[in-house]
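Enquirer: Here it is, the structure in full.
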Amino acid sequence: MAVPILRFIAVLLHCSLLCYAGGRLPIGGEAAIDDYIVEPTNFLGSWRVDSPNCGVSAMHMQLLPNNKLIMYDSTSNGLSEIKNDPPLCRGRVGGRPTDPQLDCTAHALEYDAETAQMRPLNLASSPWCSSGGMTKNGELMSTGGDKDGFRAVRILKPCPNCQFEEKNLALFSNRWYATDHPLENGTFAIVGGRDAYNYELVPVDTLEFTPQIKALPLLAETDDDAGRENNLYPFVNLLPDGNLFVFANYKSIVLNPYTGEAVRKFPDLAGSRNYPPSAMSALLPVDLSSGDPKYEVIICGGNSRDAYIYSDLQQPNRTFLPALKDCQRIDLMKEGADWDSEDMPSPRVMGDMVILPTGDLLILNGAKAGTSAWNAADQPNMTPVLYTPNKPKGLRFKELAPTTVPRMYHSNAAVLPSAEILIAGSNTNAFYMMPKYNDLFIFPTEMRTEKFTPPYLDPLLQDWRVEITGAADPIPMKYGGTFTLTVTTKKGPLLPPEVKVTMYSPPFTTHGYCQNQRLLILSRKVSGNTLSVEAPPSGKVAPPGYYLIFVVRRGIPSRGVWARIDN
């Protein structure tokens, strides 16, 4: 009788732990992480102003491993709202005719994610509508732009007094509205741009290189007439075979980046999804703990292929066509896959889509009608939407607390180590137009930054939030290796099924597209408050560089810590 009694006691203890932790036992087998959740509250998120005037409209934004956000717009559209420090002046380009002829303002800055303190940065060339990303060494590499920045490369190191290092004629082609994505060895593929039907491979962390240029017929095939283009800022994602998924306008392929070969094609989509109709897109979270990870991409919103003809500033009677409401999702590694459609709660164009530490997606900013470009959209979409990929179809969308600040053309969003979202930017005008200057505008240039607190940071749930300890320096990771995380808890012991570890690549974000954004769910073993975590197997799954690591307990993420992965 001793053995059955001991088993009975063990079952009681296990059930007691589950009840104490708020979990529930599934029927028929071991529990999945999604079976352990905290009962939802009525908290739909909250908004607060982080800075009343950050000085620069955040057309481009990148988080670096020193927890500083780099924000910048253009040197060719008049004055900003912050002076260069140390002083630096150049001839003004653009802006009001009554403005000073010398532009002594900064067009880039470093913004502290914790304190909102700002440090102006100097730009020698114009990065307007440029591309970029964080390199494998944790530096910002900015590529292209307009005017004197068409072929420029800029490097900013994450150090206290660093400024941009620049070279104006580094690239082979003009890169205006291009997309960057790192390959498995950290080399950047710079794809497309206005009148650039090609891509080039460039090494990072240096301004001296010989680019490798290859034609990309997809971009010529999808360049709509009448100046619409519709294929700028193409959507690009690295696949686990080392190839790239490339989507432009309404067509998409799998591209071998080393040969230029189109390996596979996908079915076309209705409407237009890239700039200026500007849909949102992301690679859905890749679950490396599943044994058979899927690589799915989602594309939401946009507009019709002729929408920009009607919304263009040059039109005497502008019309803002309703934005698309659908989301399209496809398995990129499945032969013969087709797009699967479902509708968002509201239409959206030129919004932002960020992947949260939990693996959910947050859709925010943008408009319900029109397209990108100067004042080419109307009806601000003020209500963020939470998208949960693993829920059944029909239950994936949830509307959250609305903002009071319209975030239109040139708005931006970034996931912070705190698991909050920083929102900045919105300049629909050809220069900074604001009430204090008595400017005439449809939507003013927005200089406030905000932080959005997602529902998982509900104050009522914070006792469930764990803290990763002893990770002041970036955690070193090796492909295929393991690393250890230690956490502290406020509420009960950790149960293995209630915990997942996620690994997030902070993207370079501009014009509604997060370049190089991906989130991986890592395999882990739990022993007390210690987690043994398996690193990704190769650079094809996680390009070398810096990532944020989160421990998610019952849908509530810890504060993120930095990690660096290489060979």
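Enquirer: Could you say which residue among Ser281, Ser341, Ser290, Ser346 is assigned to a loop (DSSP other than H, G, I, E, B), of a type in the set (S, T, N, Q) and within 21 Å of Phe245 (Cβ to Cβ)?
Expert: Ser290
Enquirer: Additional query: For the range 521-564, how many residues are in a loop (DSSP other than H, G, I, E, B), under 27 Å from Pro158 (Cα atoms) and either free of Cβ contacts under 8 Å to residues at least 60 places away in the same chain or in contact with a Pro (Cβ under 9 Å, 6 or more places away or on another chain) (or both)?
Expert: 11
Enquirer: Can you go through Gly291, Gly242, Gly227, Gly193 and tell me which one is touching a Gly at 6+ places or on another chain (Cβ under 7 Å), on the phi > 0 side of the Ramachandran plot and of a type outside the set (D, E, K, R)?
Expert: On the way: Gly291 fails: touching a Gly at 6+ places or on another chain (Cβ under 7 Å); Gly242 fails: touching a Gly at 6+ places or on another chain (Cβ under 7 Å); Gly227 fails: touching a Gly at 6+ places or on another chain (Cβ under 7 Å).
Of Gly291, Gly242, Gly227, Gly193, the one residue that is touching a Gly at 6+ places or on another chain (Cβ under 7 Å), on the phi > 0 side of the Ramachandran plot and of a type outside the set (D, E, K, R) is Gly193.
Enquirer: Hey, any hits in the range 219-227 for a residue that's assigned to a strand (DSSP E or B), open to solvent by less than 40 Å² (accessible area, probe 1.4 Å), over 21 Å from Leu332 (Cα atoms) and in contact with a Lys or Arg (Cβ under 9 Å, 6 or more places away or on another chain)?
Expert: Within the range 219-227, one or more residues are assigned to a strand (DSSP E or B), open to solvent by less than 40 Å² (accessible area, probe 1.4 Å), over 21 Å from Leu332 (Cα atoms) and in contact with a Lys or Arg (Cβ under 9 Å, 6 or more places away or on another chain).
Enquirer: If you don't mind, there's one more thing I want to ask. Can you name the condition, by its number, that Tyr479 falls short on among (1) open to solvent by 20 Å² or more (accessible area, probe 1.4 Å); (2) farther than 30 Å from Asn412 by Cα; (3) of a type outside the set (A, V, I, L, M, F, W, C); (4) more than 24 Å from the chain's Cα centre (by Cα)?
Expert: Tallying (1) open to solvent by 20 Å² or more (accessible area, probe 1.4 Å); (2) farther than 30 Å from Asn412 by Cα; (3) of a type outside the set (A, V, I, L, M, F, W, C); (4) more than 24 Å from the chain's Cα centre (by Cα), Tyr479 fails exactly one: (4).
Enquirer: Among the residues of the range 495-502, is there at least one that is in a loop (DSSP other than H, G, I, E, B) and surrounded by fewer than 19 Cβ atoms within 10 Å (Cβ to Cβ)?
Expert: For the range 495-502, residues in a loop (DSSP other than H, G, I, E, B) and surrounded by fewer than 19 Cβ atoms within 10 Å (Cβ to Cβ): present.
Enquirer: Now, a different point. What about Asp306, is it surrounded by fewer than 24 Cβ atoms within 10 Å (Cβ to Cβ), within 21 Å of the chain's Cα centre (by Cα) and more than 21 Å from Val354 (Cβ to Cβ)?
Expert: No.
Results for (1) out of contact with any Gly (no Cβ under 6 Å at 6 or more places or on another chain); (2) surrounded by fewer than 21 Cβ atoms within 10 Å (Cβ to Cβ); (3) closer than 12 Å to Thr453 by Cα; (4) of a type outside the set (Gly, Ala, Ser), shown as yes or no for each residue.
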site: Leu386; (1), (2), (3), (4): yes, no, no, yes
site: Asn390; (1), (2), (3), (4): yes, yes, no, yes
site: Gly394; (1), (2), (3), (4): yes, yes, no, no
site: Thr403; (1), (2), (3), (4): yes, yes, yes, yes
site: Pro406; (1), (2), (3), (4): yes, yes, no, yes
site: Pro417; (1), (2), (3), (4): no, no, no, yes
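Enquirer: Can you name the residue in the range 456-473 that is assigned to a helix (DSSP H, G or I) and open to solvent by less than 30 Å² (accessible area, probe 1.4 Å) and is also nearest to Val526 (Cα to Cα) among such residues? Talk me through it step by step, then tell me what you get.
Expert: From the range 456-473, those assigned to a helix (DSSP H, G or I) are 456-457, 459-464; that's our starting set.
Next, only the ones that are open to solvent by less than 30 Å² (accessible area, probe 1.4 Å) stay: 456-457, 461, 464.
Numbers: Tyr456: 22, Leu457: 24, Leu461: 22, Trp464: 16 Å.
The extreme case among them is Trp464.
Enquirer: Residue under question is Pro316, and the condition is that it be open to solvent by 20 Å² or more (accessible area, probe 1.4 Å), at pLDDT 95 or above and either assigned to a loop (DSSP other than H, G, I, E, B) or in contact with a helix residue (DSSP H, G or I) (Cβ under 8 Å, 6 or more places away or on another chain) (or both); does it hold?
Expert: Taking the combined requirement at face value, the residue does not satisfy it.
Enquirer: Using beta carbons and a limit of 9 Å, which pairs, at least six apart or on different chains, have the first residue in the range 475-486 and farther than 14 Å from Val551 by Cα and the second one open to solvent by 40 Å² or more (accessible area, probe 1.4 Å) and at pLDDT below 95?
Expert: Qualifying pairs under 9 Å: Pro476/Asp566; Met477/Asp566; Lys478/Asp566; Lys478/Asn567; Tyr479/Asp566; Tyr479/Asn567.
Enquirer: Under 7 Å between Cβ atoms, at least 6 apart or on separate chains: pull out the pairs that start in the range 64-77 with a residue that is on the phi > 0 side of the Ramachandran plot and end on any residue that is part of a loop (DSSP other than H, G, I, E, B) and of a type outside the set (A, V, I, L, M).
Expert: Pairs that qualify, where the first residue is on the phi > 0 side of the Ramachandran plot and the partner is part of a loop (DSSP other than H, G, I, E, B) and of a type outside the set (A, V, I, L, M), are Asn67/Glu114; Asn67/Pro417.
The values are calculated or read from the model by the stated rules, or taken from the named source; none is laboratory data. Computed from a prediction, not measured in an experiment: that's the story for all the values here. Don't worry about glycine lacking a Cβ; one is built from the backbone with ideal geometry, like all the others, and counts go over all protein chains shown. Quick note on the areas: whole protein, heavy atoms, side chains included, nothing else; ligands and nucleic acids left out. Shrake-Rupley method; radii C 1.70, N 1.55, O 1.52, S 1.80 Å.
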